[in-house]
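**Student:** Have a look at this one.
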Amino acid sequence: MLLHVHLSLLVTLFAASAKVEMQVPDDFPRFVVAGYETEMNSLRELYYEHYQRGGPLATLWDEWLSGSTLWPAVESGNRMNSIRERWAQALSTRAMDAEGYVATHQHASIAHQQGWPFPFWKQGGPGTWGWHFSLQGVPKGWHGTEEKTQEGWEFHGGNDRGIEHQAWNLEFNQPAGFVRTPPLEILPDQSPFIQLRWRADGLGSAQPFLAWTTETEPEFGPERCFYFAPIEKEQGIVFTMIPVFQSPQWKGKITRLAIHFDNPVGATVGIQSLFTQYDTRHNINNQNFIRGCCQYFWWTRDLNFLRENLDRMRLALLYLMHDLGGLKDKCIVTPFVGHCGRSGIEIGADGKKIIHSGRGIGNNYWDLLPMGYQDAYATIHYYDTLHYMAKLEKELAAHPEWNLPAGLLRQAPEFLLRHAQEVKDFAGTLFWNKATGRFSCGVDIDGKSYDYGFTFINCEAMYYHFATEEQCESILAWLSGDRIVADDTSQGEDIYHWRFAPRATTKRNIEYYGWFWNTPENIPWGGQVQDGGAVLGFSYHDLMARLNTRGPDDAWKRLREILRWYDEVKAEGGYREYYKDGKRGTTLQGCGTAGGLGIDCEFFESILVPQVMLNGFLGFEPRGDGFALHPRLPNEWPELTITQIHFHRLVMDITATNEEISITAKGEMESPLRVYLPDGEWYALAADQKREDGTFQIKITEEKKR
């Protein structure tokens with residue numbers, strides 16, 4: 001039922017809470033449940049600890065961190081407005097190629113500039129090559145090579161001005177100059193891209209190209225070349241990625257490269273480096289970008305942002321549908337070279353290990369795992385993205401006054417929802433392992449699936465409503481120990497050995513990785529996040545899945561165990577001290593150290609766990625024209641209050657029972673404010689008359705219980 005609530009005068013209402021040990025600002029949101037002050041204060045501290053570092057990061061975190069950081073109304077330091085500005089800037093400047101692929105925006109390395117920072121050429125076997133005159137701006141841990149001089153190179157058409165200012169500098173006194181590398185060996189399946197890092201001035205309308213020789217064609221010729229865009233004027237070092245895998249002549253053993261600049265007289269060029277690179281693009285970026293943009297709009301109602309980015313969002317969806325096979329194959333199929341879903345490690349008939357360099361490149365956060373050719377994880381997120389865009393397009397159709405563009409293709413919400421159901425029906429069977437009663441990570445190019453008890457895939461399948469009710473029950477029976485999977489390394493209670501979250505995997509994996517992680521047997525079970533370890537943030541999906549499937553009491557039981565663990569961590573001095581020297585069975589991953597648990601440092605998604613209060617128990621869902629509420633409280637809770645909710649131009653406190661909702665707010669708002677409630681007949685009334693301070697409150701109650 002849709003309820004219109006008109007609020008003209010607004011108020012702030014703060015509930016009292018017990019004193020907390022951490023110095024959390026007074027205006028940071030509070031979770032208030034009478035009788036559980038200690039637990040709620042601990043949860044608030046956990047939230048604030050990870051909120052402090054929250055905000056836009058790489059595209060990978062766009063969905064997880066947007067909603068988690070946008071809603072707290074932290075007025076001190078104008079944080080609640082500045083973080084909106086940061087999100088608008090980050091999402092609006094996400095790089096997108098002409099086909100619609102959204103770049104990863106991860107840190108510096110010598111890997112694909114639109115992809116993940118590894119694997120890079122130095123991590124490959126025979127068939128990769130690189131030459132770096134300068135490694136400016138690349139952290140040493142992310143290049144593994146050294147700077148070199150121009151010795152062995154040929155330069156035709158000008159003067160060699162030496163290596164300075166982070167490049168080998170060339171000055172052309174003749175047109176159509178070129179350089180040639182020393183002899184080399186490149187294998188095309190190891191080197192789908194060539195990256196040129198360079199600067200130039202005076203090239204104008206030149207049409208530069210890369211040329212190569214092969215073992216069977218030892219002379220340069222016009223049939224073996226690939227053009228790329230020039231740099232029209234000096235603008236610093238430019239990273240140009242040349243997709244040579246698209247050329248039918250990029251085959252055999254490559255023995256030499258040449259760069260032809262097609263320059264006029266007087267042009268100058270600086271070459272910083274030339275090297276092969278793997279295709280480290282991710283098949284999950286577009287889903288995260290689209291959902292991050294939707295979350296930003298729904299929390300802010302920033303029509304200008306949506307006007308600028310709506311067609312980018314639609315193009316990103318079309319890329320998933322067409323380039324990654326969503327529409328035709330009803331699942332995400334990863335076409336990138338090296339992403340065949342097969343392991344880079346093979347155990348031969350004699351028991352000896354065979355390393356397949358270039359095979360098993362990851363597609364997402366779980367970057368050591370090949371994760372399928374037909375990819376379950378990416379498909380689950382694609383399914384959710386279709387629902388996001390259907391919801392957004394439905395809103396746009398209902399609000400023509402917003403004057404937003406019809407764009408490249410205005411997808412009908414009904415079409416998107418029908419397609420989502422097709423994906424669920426097909427992929428939900430394709431990736432389901434009947435023998436183990438859970439989802440695998442996908443199906444490789446040879447038709448083989450892989451199941452190591454991926455708890456994160458299964459929890460997210462439940463959270464995103466990709467799993468059916470029967471599948472949810474099967475998954476939770478396994479996670480809770482009510483059902484044992486015979487071949488698993490971790491069974492029953494041991495699945496929650498780390499307490500704060502289930503193990504990421506429940507079956508020992510020493511064979512299914514990219515080739516660059518080829519001695520997994522040297523790390524004990526639980527000593528690596530992706531092999532029996534755990535990540536705090538993804539406990540959120542577990543909590544939400546329990547809430548949706550088994551109800552609020554089950555979710556609250558699991559949350560209380562997480563909070564008991566967190567209280568112990570605080571008492572011992574924090575995460576690092578608590579797990580110091582492996583005294584609890586493993587160490588923390590992150591901040592330059594290896595380990596089995598992902599909690600702090602680069603594990604920014606830890607901020608997700610407290611969101612179960614707003615998104616789950618309160619059932620708050622932002623929209624462009626209002627918000628939905630669906631409170632689902634544990635039996636032990638008399639009511640739940642969440643304060644300092646920054647929504648559109650309002651700051652709200654909401655108190656809810658299962659039958660009544662009270663909203664108190666301040667700020668400006670559009671009129672009317674739409675509040676979407678669970679099915680039933682609801683009634684809204686003023687709780688009291690206008691107060692002396694100019695405030696008033698709205699109560700919403702079920703008609704039959706009024």
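**Student:** Quick check on segment 286-305. Is at least one of its residues modelled with pLDDT of 95 or more and within 22 Å of Q246 (Cβ to Cβ)?
**Tutor:** Yes.
**Student:** Test E154 against the criterion of being touching a residue at least 24 places away in the same chain (Cβ under 8 Å) and over 28 Å from F120 (Cβ atoms), and give yes or no.
**Tutor:** Working: touching a residue at least 24 places away in the same chain (Cβ under 8 Å): yes; over 28 Å from F120 (Cβ atoms): no.
For E154, the condition - touching a residue at least 24 places away in the same chain (Cβ under 8 Å) and over 28 Å from F120 (Cβ atoms) - is not met.
**Student:** Return the residues of segment 519-574 that are among the aromatic types (F, W, Y), farther than 18 Å from H465 by Cβ and in contact (Cβ under 8 Å) with a residue 40 or more places away in the chain; say none if nothing qualifies.
**Tutor:** Hits for segment 519-574 are W556, W565, Y566.
**Student:** For the structure I just gave you, tell me whether W153 is surrounded by fewer than 21 Cβ atoms within 10 Å (Cβ to Cβ) and at pLDDT below 95.
**Tutor:** No.
**Student:** Scan segment 425-476 residue by residue and report those that are in contact with a Phe, Trp or Tyr (Cβ under 7 Å, 6 or more places away or on another chain), of a type in the set (D, E) and assigned to a helix (DSSP H, G or I).
**Tutor:** none
**Student:** Go through (1) under 27 Å from H541 (Cβ atoms); (2) modelled with pLDDT of 95 or more and name the single condition G344 misses.
**Tutor:** Against the list (1) under 27 Å from H541 (Cβ atoms); (2) modelled with pLDDT of 95 or more, G344 comes up short only on (1).
**Student:** Any idea which of (1) touching a Pro at 6+ places or on another chain (Cβ under 9 Å); (2) under 16 Å from L274 (Cβ atoms) is the one A167 doesn't satisfy?
**Tutor:** Answer for A167: the failing condition is (1).
**Student:** Considering only residues of segment 226-239 that are surrounded by 17 or more Cβ atoms within 10 Å (Cβ to Cβ) and of a type outside the set (A, V, I, L, M), which is farthest from W121 (Cα to Cα)? Outline the logic, then answer.
**Tutor:** The initial filter retains those residues of segment 226-239 that are surrounded by 17 or more Cβ atoms within 10 Å (Cβ to Cβ), namely 226, 230-231, 237.
Among the residues that remain, those that are also of a type outside the set (A, V, I, L, M) are: 226, 230.
Numbers: F226: 20, P230: 24 Å.
Out of the qualifying residues, it is P230.
**Student:** The conditions are (1) touching a Gly at 6+ places or on another chain (Cβ under 6 Å); (2) surrounded by 19 or more Cβ atoms within 10 Å (Cβ to Cβ); (3) under 30 Å from E401 (Cβ atoms), and L608 fails exactly one of them. Which is it?
**Tutor:** Only one criterion in (1) touching a Gly at 6+ places or on another chain (Cβ under 6 Å); (2) surrounded by 19 or more Cβ atoms within 10 Å (Cβ to Cβ); (3) under 30 Å from E401 (Cβ atoms) is unmet by L608, namely (3).
**Student:** Name the pairs whose Cβ atoms lie under 6 Å apart, with the first residue in segment 267-293 and closer than 30 Å to G157 by Cβ, the second among the charged types (D, E, K, R) and surrounded by fewer than 24 Cβ atoms within 10 Å (Cβ to Cβ), and 6 or more positions between them or separate chains?
**Tutor:** Close Cβ pairs satisfying both conditions: T268/E171; T268/D201; G270/R199.
**Student:** Give just the number: which of (1) at pLDDT 95 or above; (2) closer than 19 Å to A427 by Cα does R359 not satisfy?
**Tutor:** If we test R359 against (1) at pLDDT 95 or above; (2) closer than 19 Å to A427 by Cα, just (2) comes out false.
**Student:** Please specify each residue of segment 477-494 satisfying the condition of being assigned to a helix (DSSP H, G or I) and either hydroxyl-bearing (S, T, Y) or surrounded by fewer than 21 Cβ atoms within 10 Å (Cβ to Cβ) (or both). Spell out how you get there, then give the answer.
**Tutor:** Of the residues in segment 477-494, the ones assigned to a helix (DSSP H, G or I) are 477-479, 492-494.
Listed by number, the residues that qualify are A477, G492, E493, D494.
**Student:** May I pose another question? Conditions: (1) touching a residue at least 60 places away in the same chain (Cβ under 8 Å); (2) closer than 28 Å to Y373 by Cα. A486 meets all but one. Number of the miss?
**Tutor:** Answer for A486: the failing condition is (1).
**Student:** A further question on this structure: Give the residues of segment 649-679 that are basic (K, R) and within 13 Å of E639 (Cα to Cα), sorted by residue number.
**Tutor:** If the condition is that a residue be basic (K, R) and within 13 Å of E639 (Cα to Cα), then no residue fits.
**Student:** Output the residues belonging to segment 44-57 that are outside any helix (DSSP H, G or I) and in contact with a helix residue (DSSP H, G or I) (Cβ under 9 Å, 6 or more places away or on another chain).
**Tutor:** Those that are outside any helix (DSSP H, G or I) and in contact with a helix residue (DSSP H, G or I) (Cβ under 9 Å, 6 or more places away or on another chain): R53, G54, G55, P56, L57.
Residue-by-condition table, conditions (1) in a loop (DSSP other than H, G, I, E, B); (2) closer than 21 Å to H50 by Cα; (3) at pLDDT 95 or above:
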{"residue": "T69", "(1), (2), (3)": "no, yes, yes"}
{"residue": "R84", "(1), (2), (3)": "no, yes, yes"}
{"residue": "Q89", "(1), (2), (3)": "no, no, yes"}
{"residue": "E99", "(1), (2), (3)": "yes, no, yes"}
{"residue": "P119", "(1), (2), (3)": "yes, no, yes"}
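**Student:** Still on this structure, please answer the following. Sort out which residues of segment 413-463 are at pLDDT 95 or above, more than 26 Å from V535 (Cβ to Cβ) and of a type in the set (D, E), and write them in order of number.
**Tutor:** E422, D425, D446
**Student:** While we're looking at this one, here's another question. Please pick out the residue among T181, T213, T145 that is polar (S, T, N, Q) and either touching a helix residue (DSSP H, G or I) at 6+ places or on another chain (Cβ under 7 Å) or outside the structural domain of S273 (by TED's automatic domain parsing) (or both).
**Tutor:** Answer to the check: T145.
The values are calculated or read from the model by the stated rules, or taken from the named source; none is laboratory data. What you see is a predicted model, and the numbers here were worked out from it, not measured in a lab. Glycine gets a Cβ as well: all are built from the backbone with ideal geometry, and neighbour counts include every protein chain shown.
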